[in-house]
Amino acid sequence: MSKLSLLNQEWIQPAEQPALGSRAEVVAAVLRNRKISAPAEVTTFLNPSLQDLAPLEQIPNIAEAAVYLLKNLHKKITIYGDYDVDGVTGTTLLYSALQKLGAAKLDYYIPHRFSEGYGLNKTAVQKIQENGTEIIVTVDCGISNYEEIKYAKELGLSVIVTDHHNPPVIFPPADFLVNPKMNNDPTFSGRNIAGVSVAFKFAEQMFRLKGHAPYSQTKQYLDLVLLGTIADVVPLLEENRALAIFGLREINPQKRVGVRALADAAGLTGQTLTARDIGFGLGPRINAAGRLGDSAIAVKLLLETNYQRAKQLALELNKLNAERQEIGSRINAQITAAIEKLPDKNAEKVFILAAEGWHPGIIGIVAAQIVRQHNRPTVLIAVSGEGGRGSIRSLAGLDIFSPLQKCAYLLKDHGGHKEAAGFEIARDRIEEFKQAYRQALAENSTADNYIAKLPIDAALPKEQITAALAEELEKLNPFGQSNPQPVFTTTELSIYDFAKIGGNKQHLKFSLTNGQDIIDGVGWNMANLYPLIQKNLNLEIAFNLSINEWQGRQKLQLIIKDLRPSTGFYAHATPQEEVPATDSGHKPRRKSQCATGARSAGNQPMVRAKN
């Protein structure tokens with residue numbers, strides 16, 4: 001059997017592959033792959049409670065900061081947030097909570113992504129101080145702003161930092177640092193929460209100090225916690241899972257006017273919102289404000305109480321998102337054309353391209369698209385004037401940040417983590433950087449790093465490939481980082497029929513059979529596999545189980561993730577053995593014909609392929 005699949009992926013099988021004779025055994029196998037096996041862990045995962053959240057005081061300095069802020073609600077307070085969804089929702093949450101707690105003078109400030117950059121800056125701090133602010137409370141930023149916070153203190157400001165990013169070796173001189181990552185206890189379940197969740201817990205601490213019952217006053221903010229948690233791609237395990245589940249319950253009545261207006265603008269009117277709707281519908285629209293405009297628009301939307309005003313703001317975000325998509329498509333087309341002109345694109349270990357006219361707020365998204373399309377780490381540099389802003393995206397498991405640090409001597413600034421990074425560079429250093437980065441990456445990687453991996457949860461027998469199992473697996477929702485939708489494989493389904501679908505014929509629709517029933521399948525953006533499938537119909541399939549709802553009817557559907565050659569289930573069937581007719585009206589056919597594409601008496605392929 002070939003090591004790589006039709007999509008040139010290596011399938012990573014689980015260490016344990018027990019027999020799966022029941023739905024409960026399948027669910028248990030999936031949970032084991034997420035390192036959840038103890039009965040108490042399984043119970044907490046499947047039935048989370050807000051009461052399971054770690055005690056608030058496990059976040060260093062949270063109680064002291066809450067006491068201080070409550071004593072100073074008469075002073076002017078400015079919330080300083082980040083420009084992404086996590087920062088926007090955290091700013092909205094803390095602003096709303098402080099209003100409810102009786103803050104007399106309240107303001108918020110979101111820096112401009114390009115003219116000001118991430119975190120605090122001295123110009124903004126001075127402006128905030130001149131406007132009468134006495135206390136700055138940061139959200140989703142601040143832990144690395146030593147010089148800026150030192151400057152704020154010199155101006156006479158008090159500073160409370162709430163953040164979730166890794167703290168530096170030398171802490172900034174803020175009055176209070178509220179950051180779960182300052183607690184290194186390995187049993188602490190809240191270490192990996194999003195910035196909005198730090199703001200949520202800070203608000204909860206203040207309400208408790210005022211005598212309110214746990215979460216009685218902050219439950220209404222869980223929709224904001226959900227938005228920031230999903231959009232910031234934090235691990236959806238432990239506390240993040242609990243917060244996301246309760247956030248979904250809070251968001252779905254869409255009581256928050258801004259959320260309802262945004263859902264309407266995204267074409268989700270009246271629908272029960274899912275984590276996917278957040279990640280691909282609402283989140284990108286909020287982010288578009290920071291990428292192309294002013295993130296304060298998104299804060300204003302989420303604070304708005306009048307639907308008509310909220311609708312106008314949502315439509316503005318919708319327009320920015322459409323513009324973001326158009327710009328991204330244009331940049332993607334330019335990069336794809338440049339890659340196709342390379343003498344040997346398959347020999348390239350990293351794509352590094354620079355150009356004028358590219359939008360610096362979009363190139364990170366496009367770089368991620370190129371990685372998915374070509375399975376290569378990608379560096380894009382938007383050049384303007386005498387400098388450029390770069391974004392790097394990588395394959396899972398390939399560290400692109402360490403090589404960037406080796407090139408720091410060529411950069412004005414840089415930051416990020418193993419799979420995503422950004423930097424600023426002078427125009428006249430770009431060519432030198434290209435060579436240096438290629439060399440540094442080569443020294444930091446192996447051939448295996450460039451092979452895409454598809455983690456598999458279990459091999460399913462045909463008896464378990466059912467709508468009932470798909471419904472059972474919904475208990476594991478919401479899916480996301482560290483809790484992906486389970487991927488299964490089988491050799492016990494055969495391709496009955498397949499065809500290209502979609503406006504550009506870019507997808508594949510499958511009809512699969514287990515020997516008795518016809519099961520629908522769809523492979524998104526898999527049309528390029530069409531000729532390979534025609535030549536080799538005896539394939540092992542990797543898939544997600546899902547329920548497709550259409551016109552009020554629900555039906556099992558497999559989301560095809562990949563395929564690879566297999567000896568197969570039907571390859572061992574006797575030539576004369578018939579597949580019974582199904583409710584769909586398909587005629588009985590020989591199992592071996594299903595597997596091999598052997599022709600019928602009428603000399604027509606029994607497995608049909610449609611263009």
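The values are calculated or read from the model by the stated rules, or taken from the named source; none is laboratory data. Predicted model only: the values in this text are computed from it and were never measured. Backbone-built Cβ (ideal geometry, glycine too); neighbour counts: all protein chains shown. SASA here: full protein model, heavy atoms, side chains in, ligands and nucleic acids out. Shrake-Rupley method; radii C 1.70, N 1.55, O 1.52, S 1.80 Å.
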Using only DSSP helix segments of four residues or longer, with each worth -39500 (n - 2.57), what per-residue ellipticity at 222 nm results for the chain after dividing by its residue count and rounding to 500?
-10500 deg cm²/dmol
Among (1) 38; (2) 17; (3) 12, the entry derived from the coordinates for percent of Cα pairs over 49 Å apart:
(2)
Spacing of the two label points (7 Å from each Cα toward its C-beta) at K505 and I518, in nm:
2.2 nm
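Give me the accessible area per residue for region 337-404, probe 1.4 Å, as a whole number in Å².
Values: 2750 Å² over 68 residues.
Accessible area per residue: 40 Å².
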Can you give the convex hull volume per residue for the Cα atoms of region 197-250, as a whole number of Å³?
66 Å³
Angle between the Cα long axis of helix 222-231 and the longest principal axis of the chain, 0 to 90 degrees, nearest 10?
60 degrees
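Which FRET efficiency value, to the nearest 0.05, is calculated for E116 and K535 with the Förster distance at 45 angstrom and r the Cβ-Cβ distance?
On the way: r = 55 Å, r/R0 = 1.23.
In this case the efficiency is close to 0.20.
Please work out the average accessible area per residue across region 56-213, using the 1.4 Å probe convention, and give it in Å². Provide the component values of the computation, followed by the final result.
On the way: 5910 Å² over 158 residues.
Dividing the accessible area of region 56-213 by its residue count gives 37 Å².
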Dipole magnitude of region 1-101 about its Cα centre, charges +1 at Lys/Arg Cβ and -1 at Asp/Glu Cβ only, in debye to the nearest 20?
240 debye
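Do any GluC sites (Glu not before Pro) in region 357-451 lie in a loop, going by DSSP, with at most 11 other beta-carbon atoms within 10 Å of their beta carbon, and if so which?
Taking region 357-451 and a limit of 11 other Cβ atoms within 10 Å, the loop GluC sites (Glu not before Pro) found are E386.
Net charge near L69, counting Lys/Arg +1 and Asp/Glu -1 over other residues with Cβ under 15 Å of its Cβ? Display every interim value, and only then the final one.
Values: positive: K71, K75, K76, K100, K105, K201, R208, K210; negative: E64, D107, E134, D175, E204.
Once all neighbours under 15 Å are counted, the net charge is +3.
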Dipole check, region 69-209, charges on Cβ (K,R +1; D,E -1), about Cα centroid: among A97, H112, V159 the Cα furthest to the positive pole belongs to A97
So if I take the centroid of the Cα atoms in region 375-402 and the same for region 49-91, what is the distance between those two points in Å?
33 Å
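Please grab the % of Cα pairs in region 253-391 that end up more than 28 Å from each other.
31 percent
Using the per-residue mean of other Cβ atoms lying within 10 Å as a proxy for protection, in what order, highest first, do the peptides 227-240, 472-485, 208-221 fall? Please report the intermediate quantities before stating the final value.
Details: 227-240: 24.8, 472-485: 17.6, 208-221: 15.1.
For the peptides 227-240, 472-485, 208-221, the packing ranking is 227-240, 472-485, 208-221.
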Cross-link table K453/K505; K341/K434; K153/K311; K105/K210; K462/K561; K462/K500, entries beyond 29 Å C-alpha to C-alpha:
K153/K311
Counting only residues 5 or more places away or on other chains, whose amide H sits under 5 Å from the amide H of Y496 once H atoms are built in the peptide plane?
S511, L512, T513
Distance between region 484-538 and region 13-44 - C-alpha centres, whole angstrom:
27 Å
For helix 363-374, report the angle its Cα long axis makes with the longest principal axis of the Cα atoms of the chain; keep it between 0 and 90° and round to the nearest 10°.
20 degrees
Of every hundred units of 1.4 Å-probe accessible area on region 320-379, the number belonging to carbon and sulfur atoms, as a percent, is 49 percent
With no solvent and one point per C-alpha, what does the Debye sum give as log10 I(q)/I(0) for region 377-505 at q = 0.13, 0.15 Å⁻¹?
-0.76, -0.84
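How big is the charge dipole of the chain about its Cα centre, in debye rounded to the nearest 20, if each Lys and Arg gets +1 on its Cβ and each Asp and Glu gets -1 on its Cβ?
Values: 67 positive and 63 negative charges, 252 e Å.
Result for the chain is approximately 1220 debye, rounded to the nearest 20.
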Given a 1.4 angstrom probe, I'd like the percentage of the accessible area of region 388-474 that is carbon and sulfur, rounded to a whole number.
47 percent
Based on the Cα atoms of region 5-83, what semi-axes does the equivalent ellipsoid have, where each is the square root of 5 times one gyration tensor eigenvalue, given in whole Å with the largest first?
46, 21, 10
Note down the accessible area of W11, probe 1.4 Å, to the nearest 10 Å².
20 Å²
